[in-house]
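S.K.: Just dropping this structure here.
FYI, it's all coordinate maths here, none of it is from the lab. All values reported here derive from a predicted model rather than from experimental measurement. With ideal geometry, Cβ positions are generated from the backbone for all residues, glycine too; neighbour counts draw on all protein chains shown.
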Amino acid sequence: MAAAPALRIEPLSERHERESFASGVAPLDTYLRQRAGPEARRRVATCFVLVGNDEHVPIGYYTLAATDILLAELPEPLAKRLPSYPMVPATLMGRLAVDARHQRQGHGEFMLLDAFSRALRNEIASYAFVADVKDDKAARFYQGFGFRSLAAGARRLFMPMTEIARLFS
């Protein structure tokens, strides 16, 4: 029996072969192929790729960046416990995708937990972890971990960092 591949997550680099990545969501595929590298070099977003063994082909990827949340977008019980600044700092997961050949194997959850861990280790304050969701399927994925909507009908979900910290305690 073959051993399961050792998986690791690392920053995107020139050594990663991105052209064959196909998640089934064209904008996510195009982003990895064309925009992830330039955005990382410009320090707009950091892209992390999931690879196995000594592979150079990403199994999946996600991006992290700094963002903010309007205090008025948060549920009132949370907002009233925060300083009355117009905005609070947050960590944004702008994209999360798994190649279609590797979907439904827990890779999305693995990458989300890695992103949570990176956000918790960050020395810069972040009140919440925010996810931009592209469709209802993605929304259900994040809601399954306890994410909530920032504003009615919005495609932006959040989870307070205090709740994420409890996942790791």
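S.K.: Would you mind putting 98-104, 62-68 in packing order, based on average other-beta-carbon counts within 10 Å, highest first?
M.R.: Highest mean packing first, the order is 62-68, 98-104.
S.K.: Additional query: So what's the net charge close to Tyr127: Lys and Arg +1, Asp and Glu -1, counting the other residues with Cβ under 13 Å from its Cβ?
M.R.: Charge balance in the 13 Å sphere: -2.
S.K.: Output the direction-averaged projected area (hull surface divided by four) of the convex hull of the alpha-carbon atoms of the stretch 66-169, in nm².
M.R.: Taking the Cα atoms of the stretch 66-169, their convex hull projects to 7.0 nm² on average.
S.K.: Using +1 on the beta carbon of Lys and Arg, -1 on that of Asp and Glu, and nothing else charged, what's the dipole of the chain about the Cα centre, debye to 20?
M.R.: Its charge dipole is roughly 260 debye.
S.K.: Which length gain, in nm to one decimal place, applies between Ser20 and Phe110 when the Cα-Cα distance is subtracted from 0.36 nm times their residue separation?
M.R.: Roughly 30.3 nm would be gained on extension.
S.K.: Using the basic label-point model (7 angstrom from Cα toward the beta carbon), what is the Glu123 to Thr162 distance in nanometres?
M.R.: Result: 2.5 nm between the two label points.
S.K.: On to the next question. What do you get for the angle between helix 107-121 and the principal long axis of the chain? Use alpha-carbon atoms, 0 to 90 degrees, nearest ten.
M.R.: Tilt of helix 107-121: around 50 degrees.
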